[in-house]
Amino acid sequence: MHLRMFAVLTAGILLRFPAHAQQSHWASADDKTAKYIINMERKWAESVCVDNGVVASLLADDFQGTSTKGARFAKTDELKDEKSARTAHDCGLDEAKVHFFGDSVAVVYGREHAVGKDKSQPSAMVCQIWTDTWLKREGKWQIIASHDNRVECE
């Protein structure tokens, strides 16, 4: 009987406190983690032109992405792509904004460009916007998901 009264009393007390939503915020200009994330995003955008080996450490082993054509791809697919012959040049990150959700999740909204990425139009600039989801596991930030969309270049 005492155990039941204790359980009811405890439940009543806990229900009086509102659940706190996970705090979110946009990264400030001087946020060290955001600077690291943006630098890694820059290296990934540049890897279309140069084999800089960034994919192995950037993407989590359980990473899943969605290409501009709607196809799913994994880290192993991106590693193969990273090792393929480079035809693109003038690759770069145009924009990246980091939004943190608590201490271990970040969503990055970005835009990038490359000339020659589309092998059927080697002199055309290709632009895309993307959303990457980052997760901090065991003290290490990595991308766990990405979604790419090809857009008109500005």
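This table checks each residue for (1) touching a strand residue (DSSP E or B) at 6+ places or on another chain (Cβ under 6 Å); (2) not in a loop (DSSP other than H, G, I, E, B); (3) not hydroxyl-bearing (Ser, Thr, Tyr).
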position	(1), (2), (3)
HIS99	yes, yes, yes
ASP103	no, no, yes
ALA106	yes, yes, yes
TYR109	yes, yes, no
TRP130	yes, yes, yes
TRP134	yes, yes, yes
ILE143	yes, yes, yes
SER146	yes, yes, no
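Would you confirm, using the coordinates I've provided, whether LEU79 is of a type in the set (A, V, I, L, M, F, W, C) and closer than 30 Å to GLN23 by Cα? First the steps, then the outcome.
Values: of a type in the set (A, V, I, L, M, F, W, C): yes; closer than 30 Å to GLN23 by Cα: no.
So LEU79 does not fit the description; no.
Based on what the data block shows, is PHE63 closer than 12 Å to SER146 by Cβ, more than 13 Å from the chain's Cα centre (by Cα) and outside any helix (DSSP H, G or I)? Show your work before the answer.
Working: closer than 12 Å to SER146 by Cβ: yes; more than 13 Å from the chain's Cα centre (by Cα): no; outside any helix (DSSP H, G or I): yes.
Considered against the rule, which asks whether it is closer than 12 Å to SER146 by Cβ, more than 13 Å from the chain's Cα centre (by Cα) and outside any helix (DSSP H, G or I), PHE63 comes out as no.
Tell me which of these THR131 doesn't satisfy, since it passes every other one: (1) of a type in the set (Val, Ile, Thr); (2) in contact (Cβ under 8 Å) with a residue 60 or more places away in the chain; (3) in contact with a Phe, Trp or Tyr (Cβ under 9 Å, 6 or more places away or on another chain).
(2)
If we keep just the residues of region 109-137 that are of a type in the set (Val, Ile, Thr) and more than 20 Å from HIS25 (Cα to Cα), which is surrounded by the fewest Cβ atoms within 10 Å (Cβ to Cβ)? If you could, list the steps in order and put the result at the bottom.
Taking region 109-137 as the starting set, the residues that turn out to be of a type in the set (Val, Ile, Thr) are 115, 126, 129, 131, 133.
With the extra rule that they be more than 20 Å from HIS25 (Cα to Cα), the set shrinks to 115, 126, 129.
Values: VAL115: 20, VAL126: 19, ILE129: 16.
Only one residue tops the list, namely ILE129.
Test LEU79 against the stated conditions and say whether it is assigned to a helix (DSSP H, G or I), surrounded by 11 or more Cβ atoms within 10 Å (Cβ to Cβ) and at pLDDT below 95. Break it down stepwise before answering.
Numbers: assigned to a helix (DSSP H, G or I): yes; surrounded by 11 or more Cβ atoms within 10 Å (Cβ to Cβ): yes; at pLDDT below 95: yes.
Yes: the conditions hold for LEU79.
So which of LYS97, LYS136, LYS140, LYS119 is modelled with pLDDT under 95 and on the phi < 0 side of the Ramachandran plot?
Working: LYS97 fails: modelled with pLDDT under 95; LYS136 fails: modelled with pLDDT under 95; LYS140 fails: modelled with pLDDT under 95.
The match here is LYS119.
Take region 45-60 and flag every residue that is of a type in the set (A, V, I, L, M) and more than 14 Å from the chain's Cα centre (by Cα). Give the derivation first.
Let us first name the residues in region 45-60 that are of a type in the set (A, V, I, L, M), namely 45, 48, 50, 54-56, 58-60.
Matches in region 45-60: VAL48, VAL50, ALA56.
The values are calculated or read from the model by the stated rules, or taken from the named source; none is laboratory data. Predicted, not measured: the structure shown is a model, and the values here were computed from it. Counting neighbours? That spans all protein chains shown, and the Cβs are built from the backbone with ideal geometry, glycine included.
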